[in-house]
Structures are given as C-alpha cells and as structure tokens.
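Remarks on the structure that follows.
The values are calculated or read from the model by the stated rules, or taken from the named source; none is laboratory data. Owing to the predicted nature of the structure, the values given are computational and were not obtained by experimental measurement. All Cβ positions, glycine included, derive from the backbone under ideal geometry; neighbour counts span all protein chains shown.
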Amino acid sequence: MEEEYRQAFLELMKKSGGQIVYSLNNQSREQMLEKLDYILLRLQQLYTGQDSNKYHLIVSVFSEQYRIEGEQVRLCEIREIKSDSLQSPNDEDAAYCKKGEQKVQGYSANITETCNNHTLNLITDVQVEKANHADNDFLQKTVEQSEKVVGHIENVNADGAYHSPDNQEFAKNNATSLVVGNMQGKKGKYAFEIEEKRKQAGYGY
C-alpha cells in the first residue's frame, strides 16, 4: 500500500473493533468509512480467501458499502445499501430493518400462543428469522404448525403487520377468521364519528 494508507491501517490494528466503533457517532462513522475505501480495495486485491477465512467479510463490506465509478471509489448512499448487508463480523446472518421509528439489527422472533379464557394456554410455534423478514411471511407457516399441536384454528388475532392478500386468501381456504388490528399504511384524511341525532333519524353515520 501507499505509505499514507499503510499508516492508517497500522493505526486501526492497534485497537479492537469495539474500541473503534463504539466511539463513533453517525458523522464520524461516515468519515471513517470514506477513509477505508482504498484500504479495503487494496486488501481485496492483495489477498484471497486462501489467505484468511475472514477474507469474504472484506469482500462483503466493500461490495455493499462502496461503488467503483471509473477510477474513483465512492461511499454508497443509505438508500443503496440493502437491509441484509453485513451488520456484524461476529454474526454474518444478522440483518437490519426499520419499523416506524424503531431500528432493529439482528433477528425477528415470531411467537404464537393460544388465547382461550379460563383454560391453559400454550405456545404453539416459535420462528426466528433475519430482522428484515416481513411479519406477514410468518403467518401461514405458524398457523400450519400450530394446528399440528391444537387442531383446527378457527380464529387468528394478529397485528396489522401480518395482513396481506395472500394471508387473507389462506385464512379463507383454511376456514379461519383472520382478525388484524392496527393496520399499516398512511393515516386517513378523514375521521368518522357517530352523530346521535342522525343515527336516530336513520341516517347511520
């Protein structure tokens, strides 16, 4: 490497990954990524997977976070980076997602339980997937698995994130009532409320 980048690389090697990452805010993290572009490219060019079992992590980070344009290397914009990009060198399967204001790195767990009054309730299914796994993709498998435990399920109560046309069709074919609340999407432009006088006059709402 050129001396400038070699010295920068040696400075990085004096600290652990945690000592570097946890001391950075968003702005300084982006600045560091901009400095690492050539170092990562040169490491990728100088070595192969036969030199280290961690070589593929360098390839992943560079391919996910950077773009080569002509003779220049640029840092990707956030919208260009996929949600299943490498989140941790210690857990390569972890992913990223954003639900509203909540940011999740790692995994998403789906736990299903029975909900009957005055009887013993059971956890019938547990699924763990990457954090970017859509909630509505859990539903059909979890109903099928749960029915192996408790028999036919007449009613399923779930959050609005579990709604999809496919799931509604699945529930219909399975003779299961799918009740979802807190539906996703933009807030409505109008609010509806009952007017007592109009209701009494037979006008409804």
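Would you confirm whether any residue within the range 18-39 is touching a helix residue (DSSP H, G or I) at 6+ places or on another chain (Cβ under 6 Å), surrounded by 10 or more Cβ atoms within 10 Å (Cβ to Cβ) and touching a residue at least 12 places away in the same chain (Cβ under 8 Å)? Give the steps one after another, and end with the answer.
Going through the range 18-39, the residues touching a helix residue (DSSP H, G or I) at 6+ places or on another chain (Cβ under 6 Å) turn out to be 38-39.
Subset that is surrounded by 10 or more Cβ atoms within 10 Å (Cβ to Cβ): 38-39.
Now narrow it down to the ones that are touching a residue at least 12 places away in the same chain (Cβ under 8 Å): 38-39.
Yes: one or more hits.
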Any chance the range 71-92 includes a residue that's touching a strand residue (DSSP E or B) at 6+ places or on another chain (Cβ under 9 Å), of a type in the set (D, E, K, R) and more than 23 Å from residue 128 (Cα to Cα)? yes
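To keep it simple, each residue is scored yes or no on (1) under 30 Å from residue 152 (Cβ atoms); (2) in a helix (DSSP H, G or I).
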{"residue": "12", "(1), (2)": "no, yes"}
{"residue": "29", "(1), (2)": "no, yes"}
{"residue": "37", "(1), (2)": "no, yes"}
{"residue": "64", "(1), (2)": "no, yes"}
{"residue": "67", "(1), (2)": "no, no"}
{"residue": "90", "(1), (2)": "no, no"}
{"residue": "93", "(1), (2)": "no, no"}
{"residue": "105", "(1), (2)": "no, no"}
{"residue": "116", "(1), (2)": "yes, no"}
Answer from 52, 60 - the residue that is in contact with a Leu (Cβ under 7 Å, 6 or more places away or on another chain) and of a type outside the set (Phe, Trp, Tyr): 60
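Which of the residues that make up the range 37-63 are among the β-branched types (Val, Ile, Thr) and either under 26 Å from the mean Cα position of the chain (by Cα) or over 18 Å from residue 89 (Cβ atoms) (or both)?
Here is the first cut: in the range 37-63, the residues among the β-branched types (Val, Ile, Thr) are 39, 48, 58-59, 61.
Those that are among the β-branched types (Val, Ile, Thr) and either under 26 Å from the mean Cα position of the chain (by Cα) or over 18 Å from residue 89 (Cβ atoms) (or both): 48, 58, 59, 61.
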One residue is enough: does the range 29-40 have a residue meeting the conditions in contact with a His (Cβ under 9 Å, 6 or more places away or on another chain) and either within 19 Å of residue 86 (Cβ to Cβ) or not β-branched (Val, Ile, Thr) (or both)? no
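What number of residues in the range 95-104 are farther than 18 Å from residue 60 by Cβ, within 8 Å of the chain's Cα centre (by Cα) and surrounded by 12 or more Cβ atoms within 10 Å (Cβ to Cβ)? Working first, answer last.
The first filter runs over the range 95-104 and keeps only residues farther than 18 Å from residue 60 by Cβ, leaving 97-104.
Narrowing the set further to residues that are within 8 Å of the chain's Cα centre (by Cα) leaves 97-98, 104.
Restricting the remaining residues to those that are surrounded by 12 or more Cβ atoms within 10 Å (Cβ to Cβ) gives 97, 104.
Summing the residues that are farther than 18 Å from residue 60 by Cβ, within 8 Å of the chain's Cα centre (by Cα) and surrounded by 12 or more Cβ atoms within 10 Å (Cβ to Cβ) in the range 95-104 gives 2.
Specify which of the listed residues (77, 113, 92, 69) is modelled with pLDDT of 85 or more, of a type in the set (D, E, K, R), surrounded by fewer than 15 Cβ atoms within 10 Å (Cβ to Cβ) and in contact with a helix residue (DSSP H, G or I) (Cβ under 8 Å, 6 or more places away or on another chain). Step through it out loud before you land on a result.
Details: 77 fails: in contact with a helix residue (DSSP H, G or I) (Cβ under 8 Å, 6 or more places away or on another chain); 113 fails: in contact with a helix residue (DSSP H, G or I) (Cβ under 8 Å, 6 or more places away or on another chain); 69 fails: in contact with a helix residue (DSSP H, G or I) (Cβ under 8 Å, 6 or more places away or on another chain).
None of the other options fit; the residue is 92.
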Could you check the range 56-112 and list, in sequence order, the residues that are among the polar types (S, T, N, Q) and over 30 Å from residue 146 (Cα atoms)? 60, 63, 65, 72, 85, 87, 88, 90
From the list 54, 82, which residue is basic (Lys, Arg) and either more than 16 Å from residue 9 (Cβ to Cβ) or surrounded by 14 or more Cβ atoms within 10 Å (Cβ to Cβ) (or both)? 82
Name every residue in the range 146-167 that is without any contact (Cβ under 8 Å) to a residue 24 or more places away in the chain, surrounded by 12 or more Cβ atoms within 10 Å (Cβ to Cβ) and in a helix (DSSP H, G or I), in order of residue number. 147
